[in-house]
1. In whole Hz and in residue order, list the ³J(HN,Hα) couplings for segment 85-96 that follow from phi through the Karplus curve 6.51 cos²θ - 1.76 cosθ + 1.60, θ = phi - 60°; x for Gly and Pro.
2. Using the Karplus curve 6.51 cos²θ - 1.76 cosθ + 1.60 with θ = phi - 60°, work out ³J(HN,Hα) for each residue of segment 36-51 in order, rounded to whole Hz, and write x for Gly and Pro.
3. Which log10 I(q)/I(0) values does segment 79-123 give at q = 0.25, 0.27, 0.28 Å⁻¹ under the Debye formula, counting every alpha carbon as one identical point scatterer?
4. With a 10 Å radius around each residue's Cβ, average the other Cβ atoms per peptide and rank 15-21, 100-106, 132-138, 49-55, highest first.
5. Kindly state, as a whole number, the per residue volume in cubic angstrom of the convex hull around the alpha carbon atoms of segment 112-154.
6. Averaged across orientations, what area in nm² does the convex hull of the alpha carbons in the chain project?
7. Compare the peptides 64-75, 113-124 by average per-residue count of other Cβ atoms within 10 angstrom and give them in order, highest first.
8. Semi-axes of segment 21-99's equivalent ellipsoid from the Cα gyration tensor, sqrt of 5 times each eigenvalue, largest first, rounded to whole Å?
Amino acid sequence: MASCVFERIETFLKQSGASFTVSRHEPVFTSEQAAAVRGTSLASGAKALVIKAGEKFVHIVLPADRKLDSKKARDVFGVKSIRFASKQEVEQLTGLQPGSIPPFGSLFNLPTYCDPALGENPSINFNAGDHAISVQMSYADYVAVEKPMLTTVT
C-alpha cells in the first residue's frame, strides 16, 4: 500500500504542476531522524497527524519542531475532546503506518488543516507514504496543491 500511496502523491503533484524532489534513504521513524537523514532543519518537516476531533477524523499538518496544542485544536474544531488516532485507525483510514503519512489529507478523504507556522519555511519535507521515501517541495506549492485550511494549532 505504501508504494501505492507514493505513486498517488507523485501523480497528484505532477498533475498539479508542482515542483518537487524525491529522495530515498534509510527508513526513519521520528521527525528528528528524518531531518538528519535529509540534511534539513527539523522545522521544515511537515508532520502529519490524524486526529479524532469529537466524532470526526481530521488531518493536521504542523512543523515537526512543534507540538499540537490540544486546547487550541479543541477550540478550532469546536469540540470538547480530541485524541490522536490509534495505530489501527491510522492504518484503516490511510493504509499507512504512523510516521509515514504525507501532508495530503485529500488523498484519504480527510479534511486537511495546516498550521501557518509551517510557512515560515520556504520549502517543506515529508515522508511520502513510506519511511524510506521523502519529498521536498515549496510551501507555496503545497498550499496551492492541497488547499488546506490554515489554522493555528501549535
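1. 5, 5, 4, 5, 5, 4, 4, 5, 6, 10, x, 10
2. With coefficients 6.51, -1.76 and 1.60, one gets 5, 6, 7, x, 10, 6, 4, 4, 7, x, 8, 7, 9, 10, 9, 10 Hz.
3. Rounded to two decimals, the profile gives -1.04, -1.09, -1.11.
4. On the way: 15-21: 12.4, 100-106: 24.6, 132-138: 19.3, 49-55: 16.9.
Result, highest mean Cβ count within 10 Å first: 100-106, 132-138, 49-55, 15-21.
5. Numbers: hull volume 3.4 nm³, N = 43.
Taking the convex hull of the Cα positions in segment 112-154, it is 79 Å³ per residue.
6. For the Cα atoms of the chain, the hull's average projected area reads 7.8 nm².
7. Packing proxy ranking, top to bottom: 113-124, 64-75.
8. Values: eigenvalues 133, 50, 15 Å².
Whole-Å semi-axes of the equivalent ellipsoid: 26, 16, 9.
Since every read-out is calculated from the coordinates, none of them should be taken as a lab result. The structure presented is a predicted model; accordingly, all values stated were derived computationally and were not measured. Heads up, the Cβs are rebuilt from the backbone with ideal geometry, glycines too, and the neighbour counts pull from every protein chain shown.
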